[in-house]
1. Filter segment 22-73 down to the residues that are touching a helix residue (DSSP H, G or I) at 6+ places or on another chain (Cβ under 9 Å), small (Gly, Ala, Ser) and within 22 Å of Leu94 (Cα to Cα), then identify the one that is surrounded by the most Cβ atoms within 10 Å (Cβ to Cβ).
2. Among the helices (runs of 4 or more DSSP H) contained in segment 6-96, which hold 2 or more residues that are modelled with pLDDT under 90?
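The values are calculated or read from the model by the stated rules, or taken from the named source; none is laboratory data. Just so it is clear, the model here is predicted, and its values are computed rather than measured. Cβ placement follows ideal geometry from the backbone for every residue including glycine, while neighbour counts extend to all protein chains displayed.
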Amino acid sequence: MPTAILGWHRASGRTITEQFHAFDAANPHVYRALERMAARRLAAGATRVSLKDLFEDLRRQLPHGVTGLNNNYTSLYARQLIDDHPRWAGAFELRRRRAA
């Protein structure tokens, strides 16, 4: 089975989930920023929120970006937001994860 399907990153030997947890632990401000941005959009009347859009907005807002803010993490951040704010579950479209 190809390495990508199993969710392994060849360079680091870690799964996307493992990489995400390491990134999140080192950059807790990213989650807090995404949480604030999602809350603002929902409070303004949005019924759907795209984590990809939030990522791009965050990249523009931060003066030098965030090293390591990988698009592979969007679904994991969406799941974390839903876990922390169950009432937001309908605002994010989630698909079945294929990789660990």
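1. Checked segment 22-73; the qualifying residue surrounded by the most Cβ atoms within 10 Å (Cβ to Cβ) is Ala38.
2. Filter on segment 6-96 gives 51-61.
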